[in-house]
1. Between residues in the stretch 300-327 that are without any contact (Cβ under 8 Å) to a residue 24 or more places away in the chain and surrounded by fewer than 18 Cβ atoms within 10 Å (Cβ to Cβ) and residues that are of a type in the set (Asp, Glu) and in a strand (DSSP E or B), which pairs lie under 9 Å by C-beta distance while being six or more apart or on different chains?
2. Is it the case, given these coordinates, that Gly124 is buried (at least 24 other Cβ atoms within 10 Å of the Cβ), at pLDDT below 95 and either closer than 23 Å to Ala247 by Cβ or not small (Gly, Ala, Ser) (or both)?
3. Of all residues being hydroxyl-bearing (Ser, Thr, Tyr) and in contact with a Phe, Trp or Tyr (Cβ under 6 Å, 6 or more places away or on another chain) in the stretch 291-336, which is nearest to Val107 (Cα to Cα)? Just the residue, please.
4. Can you tell me which residue in the stretch 129-150 is modelled with the lowest pLDDT, limited to those that are more than 15 Å from Gly101 (Cα to Cα) and part of a loop (DSSP other than H, G, I, E, B)?
5. Please work out which residue is farthest from Ser188 (Cα to Cα), limiting yourself to the stretch 237-258 and to residues that are buried (at least 22 other Cβ atoms within 10 Å of the Cβ) and among the aliphatic types (A, V, I, L, M).
6. Can you pull out the residues in the stretch 211-248 that are without any contact (Cβ under 8 Å) to a residue 12 or more places away in the chain, outside any loop (DSSP other than H, G, I, E, B) and either touching a helix residue (DSSP H, G or I) at 6+ places or on another chain (Cβ under 8 Å) or of a type outside the set (A, V, I, L, M, F, W, C) (or both)?
7. Return the residue satisfying two criteria in turn: it lies in the stretch 49-65 and is in a loop (DSSP other than H, G, I, E, B) and at pLDDT 95 or above, and of such residues it is surrounded by the fewest Cβ atoms within 10 Å (Cβ to Cβ).
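The values are calculated or read from the model by the stated rules, or taken from the named source; none is laboratory data. Predicted model, so just to flag it, every value in this text is computed and none were measured. Reconstructed Cβ throughout: ideal geometry from the backbone, glycine too, with neighbour counts over all protein chains shown.
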Amino acid sequence: MPTQRGGSSRRTVLASASALVAAPALLGRLAFPALAAAPLQGAAFPSHYRFRLGAFEVTTLLDAAAMIDGPWPIVGEDRPPEEVARLMRDNLLPEKRFQPGFTPTLVNTGPSLVLFDTGNGAEGFVPRPQGGWLAQKLASAGFSADQVDVVVLSHAHPDHIGGLMEGGKPLFPRARYVIGETEFAFWSATGDRLKAPPGSNEHQSALLFTRNLMPFAERVTQIRPDGEIVPGIRAVAAYGHTPGHLAFHVESEGKRLLIWGDCAHHEVASLAHPEWHALFDMDKQGGAATRKRIYDMVATDRIPVVGYHASFPSVGFVERANGAYRWLPVTYQLAE
């Protein structure tokens, strides 16, 4: 009868299902060798990021990955610490710790391999082993130091010029150096700079400038804003952080990029409140004015940015938000 066949079929299915449910318990009682738990591997993160910009190729390199105190007073030193902490909390970030990027950038134009800033080296803001990785990360990204034709310095703070030397010798033996004319003049007056308190950022910058750059002064090109470094790359005035701080506009086949150096020290706080003072800005008002101008420019023109201290890979865009600005980390906008 149909009903009996149907009932028989249902009983068969139910019996099979019961057997499947019981199988793991049965197997668990059988003698099998215990499987070892997989060992923890530790945190992992990329150390370089690469994309095309027209005919150019851009590679950002991780020079340090230290977790440090902040962002107050590095950003918002003129504000109550609780105000900066609240901004971090509202953005789902730790209130009193952050991991800034330290991100030298290579631009391969074809005729020239151009490096922007050299990281911490052995004596920078984040010394080894937590920083000063540029020399080794070049190789993992597919480059050698002797391939670098031009080393461009946005400014002369220790985390930007510390990597010029390695083991007492120039890391980039073939390169010429480029730095802003105003910046070079300021740090060349080392006698005045060394009067700053020992251990201060200014004192350390003066020491490293004297040791790492002045021995090669004949290979230094001093540049003014809008000056051309190589075809397709020009300097942009970004004064305030230091007297001659520069950003750099890169363009190839109509594709544009701004490498803005230290126009932001934190991708949330600096952009949400460009008016807040930055601890390491030598001209507080000048630094704030530069941030507003630069952010407005890249937001208006929708230009991708390499921000030296933004979280690695330190590439993103800027949009207007809540009367100020917001950093948008790159996803696939630059993929071909």
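1. Arg302/Glu319
2. It is true that Gly124 is buried (at least 24 other Cβ atoms within 10 Å of the Cβ), at pLDDT below 95 and either closer than 23 Å to Ala247 by Cβ or not small (Gly, Ala, Ser) (or both).
3. Per the stated criteria, the residue is Tyr295.
4. Pro129
5. In this case the residue turns out to be Leu257.
6. Pro215, Glu218, Glu228
7. If we take residues in the stretch 49-65 being in a loop (DSSP other than H, G, I, E, B) and at pLDDT 95 or above, then Ala55 is surrounded by the fewest Cβ atoms within 10 Å (Cβ to Cβ).
Table: residues versus (1) in a loop (DSSP other than H, G, I, E, B); (2) among the aromatic types (Phe, Trp, Tyr); (3) closer than 25 Å to Gly142 by Cβ.
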position	(1), (2), (3)
Arg79	yes, no, no
Val84	no, no, no
Leu87	no, no, no
Pro111	yes, no, yes
